Amino acid sequence: MSTPANLINHRYRIVNSLAEGGFGKTFLAEDTQMPSRRQCVIKRLKPVSNRPDIIQLVQQRFAREAAVLETVGKGHSQIPDLYAYFEEQGQFYLVQEWIEGEPLLADASEVWAEDKVQTLLVSALDALGHVHSRNIIHRDIKPDNIILRTSDQLPCLIDFGAVKELMSTVVGSSGSAKSSLVIGTPGFMPPEQAAGRPTFASDLYSLGMTAIYLLTGRSPAEIPTNSQTGEVLWRQYAPSVGDHFADVLSRAIHPFAQNRYPTAAEMLEAIAPRGVDPTVLTTEASQPVGVSSLSTVAVNAAASTPSISPTSHPSSPGMPVVVATPTATAQPIASSTATATSPLPWGKVGIVAGGLLLTVGVLVGVTPKISFQNSESVAEVEDFQASISTLEATVNDNPGDIAAQVRLAQTYHKVGEYQQAMAQAENALQQEPDNAAALVAKGKVQFATGAYEEAIAAFTQAAEQPGNSVFKNAEAFVERGNAYYEVGEYDKAIDDYRSALRADPDYGRAYKEWSSVNVVQGDAQEALQNLDLAIEKGETTISTYTNRGNRRADLGDRAGAVEDWTSASKLQANTADEYSARGFSKSRLGNKKGALDDYNQSLIVNPNSVRAIINEAYLKYEAGEKEQALATLDKALTINPNSTTALILEGEIKSNSNPADQEGALVAYSKALAVNPNDPDLLNNRCSAYFSTQQLELALTDCDRGLQINPRSEALYIGRGNIRLNQENYDGAIQDYSRSLEILEASGGNPFRESTAYSNRASALVGVQDLNGALADLNKALEFNPDDAPDLMKRGLVKSSLEDNESAREDLRKAADIYLKEGRTDSHQNVIAVMEQLGL
């Protein structure tokens, strides 16, 4: 280590030490070769390993990363310049401009006023926009890394994540270089960055969380999140912040990257929009203006706050089923004359889509790119490999040991080596064709690879064998019931679960699996009762507690749900499915880091787990990487071409592409329905795709079929209501929307779906000339989202027809302003034209 008396690189004299961390030390120094002896910051960097191959890789990348820092520092005064970089005595050094000032962390002893935070953000976003224009993501924005410069109080961005990534380089098993950790700071880091896939919007999230830290005086760890949506519940701690600025920040920190501002410039515009004089906008007032042109009707996985409604089959936990309520095209509604003295310029009324119901089993997302190397996890993986080695030796020494062959097949299955698992099961069956345990092992491999009919045959043969102390028929019946579930033969599945209980009345797993059929059929209460029985019978597994927590949440028992998820999160996990289930419970409790640890471990244990691969695809989709998500789904479908969950997600991604590929979505949904023609969620999705392509009769058929299977699905009622509204069947639409609201109320409610149902029922009520009823519904809808421009537009038109012109003008003006702030100038102009047409 250099002392103040020595020079580094024969030039820089250390003044004092500034900081020390896992990547090295930072010093304040003076440049003795400059006339001014200017002060500078020297970072002495320390790679995570002294292995020669790693040092060589760091050397190769050091110059490249230094060039990145030099590029980003040029052209903006709020980013420190890179003065020099060099290697000396095996140490790596960066020399950067010294920013005299204090970090925001030191300046946040008291909460900041809203206008002060806005001023800070405007300046910081300008600097961040410069960084992004160089195609660079900062990746570690937080109060510590924003310096308020003493000379002008401008925020300066320091400590780019690229340096940390460089120093955390390791060598993978394939010999390639990779980072040994995720760059970023928990709390200030968004989900997709924690998953190793940062985007420009990730920096905006971090900056938004920094602003919230200043406004509330609370660290992210001190602010709760919605366990279902992942949204940060910060507004209660800053009640004086205005609605507009609060909305800007909430959008910036939305858990889905594609729901945030895509660029720093757009967030900057939202905070401090350039003024636009509406009088200079040209309109075609002579043309009748349709409300349809004002309604946003396409809803995708990010455009709405998704409802996480876990409806899983415990035999296949962790598979997110994306269920879309039909998105709507504009819908003609007759003008009202019964309660209005002047006709409304309705033209057409847009239908608000019901949003996406993300039906998640017991897993939200996983990524194999994160390496959480803790000793416990590594040991558990090694235990499986040790078991395989021991069993292989036993089988080689004694080829006639059928029990060892079956155990080896079972262990291969757990780690995703399906070909080896099948080979061992077949070897056992060649020697003993009726060995029930070997037949079940064979059926499980067939189940994992989507050969459901073959699996049913294997389980049937096993169930027909006499039970004994080693193998009980109950297991074969349950496994066959699970396979029947996958192909939509729900009655046969229930029969098998009952048969299992007749064979072994204490086989609690049968009750657990039975509960999944209850969920599909919309009976959460019976599902809960079956899960209670499962636990009474000793089925105290992670997935049992996780699923019971889900059912309690469905029924509005939040305290009971938290109790069950807590129990699940404390249990030991060994298999991929167990890690998936435990990770989901942790996510519902708000423990995102713990959840990601478990999701990652699920893939480490079984890299061929279709559930885990699908969730990797889901995270990519969530991060806006649609093409990458589709490629990942191809891998899942290669392993299991009959994975309905993979096909559902494929259809969802295609239906929400730009431009939308509704035909591709229909192909995916139809393939899935060929496997399971009785899945109500799948029928809902295909109904949506048919509706989007205006194949209304086909859409109606799917919704009707779905409701026959699950008569308690509020999503299907909203979807069918949208179809009926489009067909001008107003009474039928009103009935469907009303039924959806009854179901939502009974289950504890869902703000997005309730606002959707109220908004769309208002449109149907206009169709039957009940404007007072429509006004009441729009008031309800706007209670959930007071700044919903289409609903404000509709309410303004209703008020105008009821001759409440002053209030109508307020609603229409607010709608126009919201459209303008969102940059939707066409919609803004249309509202202005409507106001002119109505004389408002």
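The values are calculated or read from the model by the stated rules, or taken from the named source; none is laboratory data. This one's a predicted model, so the numbers in the text were calculated from it and none came from an experiment. For neighbour counting, all protein chains shown are included, and Cβ atoms are generated from backbone atoms with ideal geometry for every residue, glycine included. Accessible surface areas use protein heavy atoms only, side chains included; no ligands, DNA or RNA. Shrake-Rupley method; radii C 1.70, N 1.55, O 1.52, S 1.80 Å.
If I ignore ligands, DNA and RNA and count only protein heavy atoms, how much of Arg611 is accessible to a 1.4 Å probe, in Å² to the nearest 10?
It works out to around 40 Å².
Normalise the Cα radius of gyration of segment 718-818 by 2.2 N^0.38 Å (N = residues in it) and let me know the number.
Its radius of gyration relative to the 2.2 N^0.38 Å reference: 1.05.
Calculate, for segment 581-639, the solvent-accessible area per residue in square angstrom, rolling a 1.4 angstrom probe over the heavy atoms of the protein chains.
30
Using a Förster distance of 45 Å, how high is the FRET efficiency between Leu28 and Thr225, based on the Cβ-Cβ distance and rounded to 0.05? Don't jump to the answer; show the numbers that get you there.
Working: r = 38 Å, r/R0 = 0.85.
Approximately 0.70, to the nearest 0.05.
Given a 1.4 Å probe and every protein chain left where it sits, what share in percent of the accessible area of segment 446-528 is carbon and sulfur?
Roughly 46 percent of what the probe reaches on segment 446-528 is carbon or sulfur.
With an 8 Å Cα cut-off and a minimum separation of 6 or more residues, compute the relative contact order for segment 609-688 in percent.
Relative contact order, segment 609-688: 22 percent.
On the full set of protein chains, 1.4 Å probe, figure out the accessible area of Leu630 and give it in Å² to the nearest 10.
The accessible area of Leu630 comes to roughly 30 Å².
Ignoring any ligand, DNA or RNA, what whole percent of the accessible area of segment 59-143 comes from carbon and sulfur when the probe is 1.4 angstrom?
Heavy-atom surface of segment 59-143 belonging to carbon and sulfur, 1.4 Å probe: 44 percent.
Give me log10 I(q)/I(0) at q = 0.15, 0.17, 0.18, 0.22 Å⁻¹ for segment 380-518, Debye formula, one equal scatterer per alpha-carbon, no solvent.
-0.73, -0.90, -0.99, -1.27
Carbon-plus-sulfur fraction of the accessible area of segment 629-758, 1.4 Å probe, in percent?
Roughly 45 percent of what the probe reaches on segment 629-758 is carbon or sulfur.
Given contacts defined as C-alpha pairs under 8 Å and at least six residues apart, what's the relative contact order of segment 688-759, whole-number percent?
Taking the mean separation of contacting Cα pairs over the length of segment 688-759, I get 24 percent.
So which of Lys414/Lys512; Lys592/Lys626; Lys626/Lys821; Lys442/Lys620 end up more than 31 Å apart, counting from Cα to Cα?
Working: Lys414/Lys512 20 Å; Lys592/Lys626 23 Å; Lys626/Lys821 28 Å; Lys442/Lys620 33 Å.
The answer is Lys442/Lys620.
Sorted by accessible area with a 1.4 angstrom probe, largest first, how do Ser206, Ser151, Ser250, Ser389 fall?
Ser151, Ser389, Ser250, Ser206
Can you bin segment 474-601 into rounded, prolate or oblate? Criterion: square roots of the alpha carbon gyration tensor eigenvalues sorted a ≥ b ≥ c, rounded for a/c under 1.5, prolate for a/b above b/c, oblate for the rest.
Prolate.
Using 0.36 nm per residue, how much length does the chain from Thr701 to Lys74 gain when fully extended, once their Cα-Cα distance is taken away? Mind dumping the intermediate values first?
Values: separation 627, 0.36 × 627 = 225.72 nm, distance 6.13 nm.
That pair, Thr701 and Lys74, stretches by 219.6 nm at full extension.
Mind pulling the per residue volume of the convex hull built on the Cα atoms of segment 527-571? Å³ is fine.
Hull volume over Cα atoms, normalised by residue count, gives 53 Å³.
Once ligands and nucleic acids are excluded and a 1.4 Å probe is used, how much of Glu806 is accessible, expressed in Å² to the nearest 10?
So the heavy atoms of Glu806 present about 130 Å² to solvent.
Bin by bin, in steps of 5 Å, what percent of the Cα pairs in segment 441-512 do you find, going until the bin that has the longest distance?
3, 21, 30, 25, 16, 5, 0
Ordering Met793, Met189 by accessible area with a probe of 1.4 Å, largest first, what comes out?
Numbers: Met793 0, Met189 35 Å².
Output order, biggest surface exposure first: Met189, Met793.
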